[in-house]
Amino acid sequence: MKGVRHYPGFLAMTLACLLVLYAPLAVVAVYSFNGSTSITQWGGFSLRWYGDVFTGPEAGRFGQAAWNSLTIALIASTTAAAIATAAALAMIRGGAFHGRQASFALINLPLMVPEIVIAVSTLIFFSTVGLTTGYLTILLAHITFCIPFAYLPIAARLEGIEGTYEQAARDLYATRAQAFRLILLPLMMPGVVSGWLLAFIISLDDFIITNFVKGAGMETLPTAIFGSVKQGIKPNIMAISTLMLGVSVLFVTAAYLVNRKGQKIP
Amino acid sequence: MTAAVEIRRAVKRYGSVTALHRVDLSIADNEFFTLLGPSGCGKTTLLRMIAGFEDVTEGEIRLFGDDIARLEPNHRPVNTVFQHYALFPHMSVIDNVAFGLKMKGVDAATRRDRAGRMLEMVHLSAFADRSPAQLSGGQQQRVALARALAPDPKVLLLDEPLSALDLKLRQAMRVELKQLQEDTGITFIFVTHDQEEALTMSDRIAVMSEGRVQQVGTARDIYEAPVNRFVADFIGETNLLEVEVEAVAGGVATVALPGGHRLTCPSATSATGRHHLSIRPERLTLSQDADLTATVERVVYLGTDLQVIARLDGGTPFTLRLQNAARVAAPEPGARVGLHLEEGAARLLAD
Amino acid sequence: MAGPGPSRGPADAAYAGLVRPLLLPTWVVIGILMVVPVALMAVYSFLTKEFRGGVEWDFTLAAYDQFFVTRGLFGDEPAQIEWTYITIFARSIWQAALATGLCLLIGFPTAWFIATRPARTRGVWLFLITIPYWVNLLIRTVSLKFLIRETGPLNESLMAIGLIDSPLPLVNTNLAVQLGLFYSYLPFMVLPIYAAVERYNFALSEAAADLYASRWATLREIVLPVVRPGIVAGMILVFVPSLGAFLAPDLLGGAKTFMIGSLIDEQFKGSQGNWPFGAAVSMILMSMVMVVLLAYARAQGRAGR
Ligand SMILES: Nc1ncnc2c1ncn2[C@@H]1O[C@H](COP(=O)(O)OP(=O)(O)OP(=O)(O)O)[C@@H](O)[C@H]1O
Ligand SMILES: [Mg+2]
């Protein structure tokens, strides 16, 4: 008797699913260590393409793109996390207020409008107000679509924190500000951190919107990579991809661990 | 002497819902005072109004003479033990206990010292550096107590603090709480819907129902001398009989029982006419010299007692409890029995 | 999409007085950088195309006319329905639907399997499923292309073990695009179904089994209807982004698999661009998505009552 939870073949499906998800990444990661110039032939293990990323002919271009990606992601995710934290406080600790439903819809709007439509409308907006596309326009667009991603974990966390903790603090002579700083903020922190991390990855990940609002000459890592692969997949692209993959996995693991550690609210 | 807490004509409305109707209460210093009542009667609301988490719609709340109804919670020298304790999960036990002192600006050495003594008082010194999540329910409860007592409040508020504990622990904590109250001399206002808890610990009890205080008195008062049907019925078990009052004078009424017998008993009303009579089931004996006659329908064995479910001659259901002594033969179903009311068994109610 | 949830009692209204200042940044940022642009895009779809890529402020229906109507190569024939763009939309819907089906077929068993693991290992399984999602979409798509291309590792190894004689031409096919979409959005299917199965009361399955239902009959008669909200949510979460996807069709597909995303993209590239037409296509895409989302929200509202 296997019990009602068991269905034959579901394990196999899950494993197949994982295989499909991981095989391409694994293959690229392995080939990034290929010593050969050809992407089809295995020329033994080598780090030459990683060296090429940092010193090769395209190093300058990718270096600048990486710097842009990183700084944009940093500023956008931090700003978005701050805006989302304030919004979550209002939405979850603000009681019933006029416009709550509308505010909720607004926060989630960037998730509902198709990415390509956001890209088009943002480009049209910048062009109409006469803002030259470049670093600033990318940054503004990223802040906007990062807000709902930062909001989700922050709001979820805040919802799990009962109001009695702040009340207990107030009962024990804390002012409103002290109750926020000493009790609510530390309790919210895991949510804020994972919201920030997710926003960071989302910003780092974005291609479509960035591609529309970046302007000529300005590149982030995804747009630079896209430009390269249009001429065919080269080994140095695989090395860059593997590096970015590593960064993403690192960040998601961090977000996961922070969240799990923070789950313990008795 | 000024009362520790004086509530005058306090009203609480949530929109169109009235949670409290003109409540008046006076709680003396050094008293163990209990708010008792069924779910939804407004106990928590009243307590939260004293703590300052809920605005007072109308009326005043005085603490040793000062009106505190408009003060922020952090400006009221009262502390609360929360129902699920609300221990700060990101702080150690000792930091939790010291929190109130820290907010009051007490220096680090003094508060560590005092928090340590509070933990000693609740027998948890060994757990000072643990996090609250690593404590059992009973231990968390005692930390919550220590935390609320550490700033030496003028009044301690407790909202069903024992409800999350199992039976054995709950009984032990009752004794401990009562002891703590006597040792510290702090006024306790305790909320519960468990009457046994209320009867065993309290100096005085306020019985509440539907946003109104029905009766205030000692455990003996409210059990022996309930003023109305709600209190008589809510506290313990009782039989309610509708009777004709023939005369009342000086708190003593003469009533006609169904079946014709006359009875004089203490009265909560001074009006004649039809009223309810409360008769406690354990204050009856089987007797030839009967005030009432009934037919036994069922006998339920309860260990220390026998519960006899009967029907009076007029058709009213009636319950009595007999001590399960070897000498007493249990009546058989179908038997007709005579019931004798002991001294103080009956009381005439106001409604 | 589920709504903000009810606000709880006054115990949790500690910030009621600060609602306005706390929400102000959100309103300003999303209002100016999202609501205004979308409104502006709607206006642009009624403007006149300028030849170097740009617009003139003359209102016209030309963009929508171009989408739906043809008057022959030289514009002198009677008006007829223009099928070119409708075909692209239909193809996109079809591709997105197939990708959604594929995700459901694989995603449901996966979600079920994970939700029935012991609590300790569940988190790890879930984590494994979500990691690839956080890897850059472009990199994932490029990796997939690398794997399945004619001389790529997949074909090489299949040939090496003798399963096939000549490489399978996978790239530039519909299958490749569906695989790409599947790969892009699978976690969106797994997560909501997982959440629904986790809440599922397995005593219902036991009751069904007790009443002589087989395993698969139980799945069909009891489980699927009960967890349906999760399945529908997953389908929408996969379908909507698939419809407007750009990377998977652009990198894995060819001319025959041209989808809406690429059509829009083309209108904003270089001097052949046509901004009003691109805005109009975007408007049509967005309206379709909004119809799907509104229908879903309404169905959910009804079910909630
Ligand atoms: N925020 C609120 N809005 C509207 N009505 C409320 C609110 N809070 C409490 N009430 C109502 O006020 C009444 C008293 O509630 P209160 O919580 O004080 O009851 P209680 O006696 O503590 O009950 P319990 O024993 O279940 O805790 C109830 O009828 C409740 O529905
Ligand atoms: Mg209560």
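Just a few scattered comments:
- Some residue of segment B:288-301 being among the polar types (S, T, N, Q), within 23 Å of residue B:227 (Cβ to Cβ) and in a strand (DSSP E or B): no
- Candidates C:238, C:232 - the one that is under 22 Å from residue C:104 (Cβ atoms), surrounded by 22 or more Cβ atoms within 10 Å (Cβ to Cβ), more than 11 Å from chain A (Cβ to nearest Cβ) and not charged (D, E, K, R): C:238
- Only strands (runs of 3 or more DSSP E) whose full extent lies in segment B:170-226 are considered here, and the ones with at least 2 residues that are of a type in the set (S, T, N, Q) and either buried (at least 20 other Cβ atoms within 10 Å of the Cβ) or within 16 Å of ligand 1 (Cβ to nearest atom) (or both) are B:187-192, B:212-217.
- Tabulated pairs, segment B:147-165, first away from chain A (no Cβ under 12 Å), second in a loop (DSSP other than H, G, I, E, B), C-beta under 6 angstrom, 6+ apart or interchain: B:154/B:77; B:160/B:83
- The residue that is farthest from ligand 2 (Cβ to nearest atom), counting only those in segment B:57-76 that are within 9 Å of another protein chain (Cβ to nearest Cβ) and either within 18 Å of residue B:20 (Cα to Cα) or touching a residue at least 24 places away in the same chain (Cβ under 8 Å) (or both), is B:74.
- Residue selected from segment B:19-49 under the condition away from ligand 2 (no atom under 16 Å from the Cβ) and charged (D, E, K, R), by the criterion nearest to residue B:154 (Cα to Cα): B:29
- Considered as a group, the residues in segment A:18-38 that are over 23 Å from the mean Cα position of the chain (by Cα) and in a helix (DSSP H, G or I) include one that is surrounded by the most Cβ atoms within 10 Å (Cβ to Cβ), and that residue is A:31.
- Here segment C:98-111 is the region considered, the condition is being facing chain A (nearest Cβ under 7 Å) and surrounded by fewer than 24 Cβ atoms within 10 Å (Cβ to Cβ), and the residue that is nearest to residue C:184 (Cα to Cα) is C:106.
- Subset of segment B:11-58 [away from ligand 1 (no atom under 14 Å from the Cβ) and in contact with a Leu (Cβ under 9 Å, 6 or more places away or on another chain)]: B:25, B:32, B:33, B:52
- Helices (runs of 4 or more DSSP H) (entirely within segment A:100-178) containing at least 2 residues that are at the interface with another protein chain (Cβ under 7 Å from one of its Cβ atoms) and at pLDDT below 95: A:100-112, A:115-129, A:164-171
- Sole residue being small (Gly, Ala, Ser), more than 16 Å from ligand 1 (Cβ to nearest atom) and in contact with an Asp or Glu (Cβ under 8 Å, 6 or more places away or on another chain), chosen from B:125, B:131, B:136, B:92: B:92
- Residue check, residue C:253 away from chain A (no Cβ under 13 Å), surrounded by 15 or more Cβ atoms within 10 Å (Cβ to Cβ) and touching a residue at least 12 places away in the same chain (Cβ under 8 Å): yes
- Checking B:195, B:179 one by one, the residue that is away from ligand 2 (no atom under 16 Å from the Cβ) and among the polar types (S, T, N, Q) is B:179 and no other.
- Residue list for segment C:221-252, filter: assigned to a helix (DSSP H, G or I) and either of a type in the set (Val, Ile, Thr) or more than 26 Å from the chain's Cα centre (by Cα) (or both): C:221, C:222, C:223, C:226, C:231, C:232, C:236, C:238, C:240
- For residue A:92, the requirement of being in contact (Cβ under 8 Å) with a residue 24 or more places away in the chain, in a loop (DSSP other than H, G, I, E, B) and among the β-branched types (Val, Ile, Thr) is not met.
- When segment B:81-112 is filtered for residues that are polar (S, T, N, Q) and part of a helix (DSSP H, G or I), the ones remaining, listed by number, are B:96, B:110.
- Selection from segment C:127-146 of residues that are more than 7 Å from every other protein chain (Cβ to nearest Cβ) and surrounded by fewer than 19 Cβ atoms within 10 Å (Cβ to Cβ): C:130
- Residue match in segment C:89-100 (condition: out of contact with any strand residue (DSSP E or B) (no Cβ under 7 Å at 6 or more places or on another chain) and not in a helix (DSSP H, G or I)): no
- When residue A:75 is tested against (1) in a loop (DSSP other than H, G, I, E, B); (2) surrounded by fewer than 18 Cβ atoms within 10 Å (Cβ to Cβ); (3) touching a helix residue (DSSP H, G or I) at 6+ places or on another chain (Cβ under 8 Å), just one condition goes unmet, and that condition is (1).
- Cβ pairs under 6 Å, 6+ apart, first in segment B:41-56 and in contact (Cβ under 8 Å) with a residue 12 or more places away in the chain, second away from ligand 2 (no atom under 13 Å from the Cβ) and of a type in the set (S, T, N, Q): B:41/B:209; B:53/A:167
- The residues of segment C:269-288 that are at the interface with another protein chain (Cβ under 7 Å from one of its Cβ atoms) and either surrounded by fewer than 21 Cβ atoms within 10 Å (Cβ to Cβ) or among the small types (Gly, Ala, Ser) (or both), listed by number, are C:278, C:279, C:282.
The values are calculated or read from the model by the stated rules, or taken from the named source; none is laboratory data. Bear in mind the structure is a predicted one, so any value in this text is a computation, not a measurement. Glycine also receives a Cβ, built like all others from the backbone with ideal geometry; neighbour counts cover every protein chain displayed.
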